Amino acid sequence: MLPVNQPPTIAGPPSRSDEGRDALRSRLLAQRRGLSSADVKPGSAAIVELLQATSDIVAAARQGPVAVYWPVRGEPDVRLGGPNDDAVKATRGALTAAHGLTLPGHPGASPELRAWKPTTSLATAWGSLRFPADGAARVPAEDHGLILVPAVAFDRAGNRLGNGAGWYDRLLSGLGRRPIGAGPLLVGIAHDFQLVEHLTAQPWDVPMHLVATPEGVVRPR
């Protein structure tokens, strides 16, 4: 595993070098927030079908739990066992049968993933974000087979631009940069318009192994 720098825990004022990232984040967040549930559903179903059909992803799901996320602000819905009926039908057998699912814990606490199934008691934060209540078992990130990661943008090298709070940066920093098969498979999930040509990687960034959009699965070059 290659060493990585730790992401910052407290964000300061943006430097001049961050202004491009901030502008891109604002533009893409606004575009994503403008999507209706009807806009999001077809792309979500297409992504789920791609996840099921990609051999590396299916193989990773057999190695350990699958981390999903609760979609907010127009994010693709790939919960694989939750309210997205199309996702349930498409992926229950291939991706969830072996080791189950996890969801991110409280967004304001230290990053962690907790066991989740449709009967799990959920709490709510920040309006519509749901997360497993305190009684749900914690599952270390390194014990997962597959981690599905949302973002504001990805590039074709697997670099990620997040919401700015650093939650996934801190979660993934302990994994470092590993080749496929040497730890959890990291798969970025995004709408087509969120895939950009280039993002300047930060020292603490852990790139994705794959990025899935409705148009296809990108294998970073």
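Values in this text are rule-based calculations from the coordinates and carry no lab data. Keep in mind that this is a model prediction, so the values were computed, not measured. For neighbour counting, all protein chains shown are included, and Cβ atoms are generated from backbone atoms with ideal geometry for every residue, glycine included.
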Place the peptides 102-110, 165-173, 33-41 in order of packing, highest mean first, counting for every residue the other Cβ atoms within 10 Å and averaging per peptide. 165-173, 102-110, 33-41
Could you tell me the center-to-center distance, by alpha carbons, between region 103-144 and region 182-208 in angstrom? 22
Obtain the nm distance between the two label points defined at R219 and A23 by a simple spin-label model: each point lies 7 Å from its Cα along the Cα-to-C-beta direction. 3.5
Among beta bridges assigned by DSSP with both residues in region 19-218, the antiparallel ones amount in percent, to the nearest 5, to 50
